[in-house]
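Structure record follows, encoded as structure tokens.
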Amino acid sequence: MKYDFHTIVIGAGSAGLSAASILANLGAKVALIEKNKMGGDCLNTGCVPSKSLLHQAEKQGLSSANVGFAWEEAVGNSFNEIRRIPEKNFSRIIKHIHETIEEIAPHDSEKRFEDMGVTVLKGSAKLLDEHRVQISLNDRTGKKQEANNIQVISGKNIVLATGSKPRVPKLDGLENFPYLTNENLFSLKKLPRRFIIWGGGPISMEIGQAFGKLGSEVVIISRGQRLFKKDEPEVHPAMKEVLEQEGINFYFGFEPTKIEAREGQEGHFIFKIKNRKTGEEERILGDQFLIALGRVSATDELGLEKAGVEVDERGYIKANEHLQTSKKNIYACGDVLGDYQFTHMAGYEAEIVARNILNPIKTKADYSKIVWTTYTKPQVAHSGYTEASAKEEGKFGKVLMKTFEDMDRNIIEGDTKGFVKLILDSKDRVIGGTVVANEAGEMIGMVSLAISKNMKISAFQGLIYSYPTKSEVFKSLAVKNLQGSAQPWQRNLLKKWLSRNIN
């Protein structure tokens, strides 16, 4: 059977763009379908705007208050008095975020991919079977057209990379309230006075800290009792202390029950919450409300059932270790798989998919080397196994841990509240690590390299480090491990040998 394309890629986010690029550059005839903006969530409403906001908040926020930065007092009957950046400055920050997106956008543009030889089709895709895709093409304004502008194409292979969207649960009164998600957060016109965030995950931490630095009074409501749940347990108390010192208020173990407008106060609302353990109810006043409760798979309009593609109980696409779905010629990568919703993991999975489409000898996706970073200050970065997961899989040997309190570079920069925690196997090989520091996202690369090359902790001892650098902590940990691994008889023997010919 002949097909229109070697591979049809649905979704032009991080995963889809990577897969299309690799396949096209290796000579495959590729169609790329996207119904919204090229670049997907990461470029337009995720990584790029959020990191730009964090950078601007650090540059212009509370940390600049003592060096002549312009501040105004936010005084109101219902809100605490708090220093805030002027509204014109907040407008400039939002403008800068969108200028940053525009500057990066050409990297993901239609033109760039068409120049690679990719056929880019703008519209909504629906699977007709395991080889055919129906596209409802957009008009020139980007809007979906009527049913008369339909195109059907066929492909030997199909890649599903439609990503995810914010999870918005049911809440009494929510349908009457203009709440925020990451999809509209970066279009705010005014800086919130009291910013309520529902959810205790990484997005809440990053956005909460950023708006706190700009002068919003931030309240974070978490159903659970612990922040950074996927990270090592030591991260929670360290980061909770930092964030509370910056003025962020936490309600742990609370569940929202209702949101309603406050009479006589336009734009203000009352958020009712209940303690999950005691049943105690509280009311919180706010003027902006962000839902940051994780993501759900954006596959509801794909027609997966017609192609025989199975999903799990959460709605995410089921895939094997080669990232093939229940139909072997249909692959999936990125957020649609559900487990590791990071841009870099989408890129990694896209590489696996492209390799397996082109090569009859299939490559397995290996998640033992996964890495992630939460870009708070300090940052929280992780690679490989946690202590718990290593024990669960029978790979745990020991833990090495050190704070930055006596590391010279950290003392110089006032970055002493974090730590490094390494997980070793029984042969002293590094199999996991967590770093909490201002440049943790850069430092975790050393841990990732050690894991990928099956390096022992002793390899860190043999390196020469520039002085002063935060990475010297890895040498300190290697020395600590060497000292701790020496047996008493070895110490005694060494002591005797060194004392020869000494009075």
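Among Val168, Val133, which is the only one that is among the aliphatic types (A, V, I, L, M), touching a residue at least 60 places away in the same chain (Cβ under 8 Å) and in a loop (DSSP other than H, G, I, E, B)?
Val168
Of the conditions (1) part of a helix (DSSP H, G or I); (2) outside the structural domain of Glu217 (by TED's automatic domain parsing); (3) out of contact with any helix residue (DSSP H, G or I) (no Cβ under 8 Å at 6 or more places or on another chain), Phe113 satisfies every one except a single condition; which number is it?
Every listed condition holds for Phe113 apart from (3).
Can you name every residue in region 254-301 that is out of contact with any strand residue (DSSP E or B) (no Cβ under 8 Å at 6 or more places or on another chain) and among the basic types (Lys, Arg)?
Lys277
Looking only at residues in region 403-429 that are assigned to a strand (DSSP E or B) and in contact with a Lys or Arg (Cβ under 7 Å, 6 or more places away or on another chain), which one is surrounded by the most Cβ atoms within 10 Å (Cβ to Cβ)? Explain how you work it out, then say what you get.
The first filter runs over region 403-429 and keeps only residues assigned to a strand (DSSP E or B), leaving 403, 419-424, 429.
Within this subset, residues satisfying the condition of being in contact with a Lys or Arg (Cβ under 7 Å, 6 or more places away or on another chain) are 419-420, 424, 429.
Details: Phe419: 20, Val420: 27, Leu424: 23, Arg429: 19.
Here the residue is Val420.
Residue check: is Tyr348 assigned by TED's automatic domain parsing to the domain that holds Val159 and in contact (Cβ under 8 Å) with a residue 40 or more places away in the chain?
Judged against the criteria, Tyr348 is not a match.
Ile33 is checked against (1) of a type in the set (A, V, I, L, M, F, W, C); (2) more than 30 Å from Gln209 (Cβ to Cβ); (3) assigned to a helix (DSSP H, G or I) and fails just one. What number does that condition carry?
Tallying (1) of a type in the set (A, V, I, L, M, F, W, C); (2) more than 30 Å from Gln209 (Cβ to Cβ); (3) assigned to a helix (DSSP H, G or I), Ile33 fails exactly one: (3).
Just to verify a result, which residue in region 226-255, among those that are in contact with a helix residue (DSSP H, G or I) (Cβ under 8 Å, 6 or more places away or on another chain) and not in a loop (DSSP other than H, G, I, E, B), is farthest from Tyr385 (Cα to Cα)?
Of everything passing the filter in region 226-255, Phe250 is farthest from Tyr385 (Cα to Cα).
Kindly indicate the residue of region 171-186 that is exposed (fewer than 13 other Cβ atoms within 10 Å of the Cβ) and touching a residue at least 12 places away in the same chain (Cβ under 8 Å) and also nearest to Leu43 (Cα to Cα) among those meeting that condition.
The first filter runs over region 171-186 and keeps only residues exposed (fewer than 13 other Cβ atoms within 10 Å of the Cβ), leaving 172, 175-176, 178.
Restricting the remaining residues to those that are touching a residue at least 12 places away in the same chain (Cβ under 8 Å) gives 172, 176.
On the way: Asp172: 32, Asn176: 29 Å.
Of everything passing the filter in region 171-186, Asn176 is nearest to Leu43 (Cα to Cα).
Scanning region 92-120 for residues that are among the hydroxyl-bearing types (Ser, Thr, Tyr) and in contact (Cβ under 8 Å) with a residue 60 or more places away in the chain, which turns out surrounded by the most Cβ atoms within 10 Å (Cβ to Cβ)?
Step by step, filter region 92-120, then rank; the result is Thr119.
Would you mind finding the one in Arg276, Arg223 that is surrounded by fewer than 22 Cβ atoms within 10 Å (Cβ to Cβ), within 23 Å of the chain's Cα centre (by Cα), touching a residue at least 24 places away in the same chain (Cβ under 8 Å) and not assigned by TED's automatic domain parsing to the domain that holds Ile423?
Just a single option satisfies the conditions, and that option is Arg223.
Suppose we filter region 153-170 for residues that are surrounded by fewer than 17 Cβ atoms within 10 Å (Cβ to Cβ) and of a type in the set (D, E, K, R); how many remain?
Residues meeting the conditions: 2.
Being among the acidic types (Asp, Glu) and crowded, with 22+ Cβ neighbours inside 10 Å is the filter; apply it to region 296-351 and report the residue that is farthest from the chain's Cα centre (by Cα).
So the residue we want is Glu349.
The values are calculated or read from the model by the stated rules, or taken from the named source; none is laboratory data. As the structure is a computational prediction, the values presented were derived from the model and not from experiment. Backbone-built Cβ (ideal geometry, glycine too); neighbour counts: all protein chains shown.
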